[in-house]
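Here's the structure, in structure tokens; my notes come after.
Readers should treat all values here as calculations from the given coordinates under stated rules, not as data from a laboratory. It should be emphasised that the depicted structure is a prediction, and the values quoted were computed from it without experimental measurement. Heads up, the Cβs are rebuilt from the backbone with ideal geometry, glycines too, and the neighbour counts pull from every protein chain shown.
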Amino acid sequence: MGKNKHFAFYDISSLADNIKTFEGKRYDVHGLWAVDREGHYERLANIYYRIRTVKDDNFRTIAKRRNPKSELQAFM
């Protein structure tokens, strides 16, 4: 298996359907915005470094981060 590639900020807005943070919060992705389960909006840029797992519209993991200090890696 090859080395995983960095998953950039703009990849989330174009490929992701939902994300989960290290705090356990789940967000739906709408362009450059993340919407939590209560309907509160946050900019993706503000939560990018807290993102742990990124999933597509089929709920397949497409990127993940092992710990808060590591890079978000593509998981395809």
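Points worth noting:
- Subset tally (residues that are assigned to a loop (DSSP other than H, G, I, E, B), in contact with a Ser or Thr (Cβ under 7 Å, 6 or more places away or on another chain) and not aliphatic (A, V, I, L, M)) for the stretch 18-76: 2
- Single match in Lys69, Lys5 (criterion: among the charged types (D, E, K, R) and surrounded by 13 or more Cβ atoms within 10 Å (Cβ to Cβ)): Lys5
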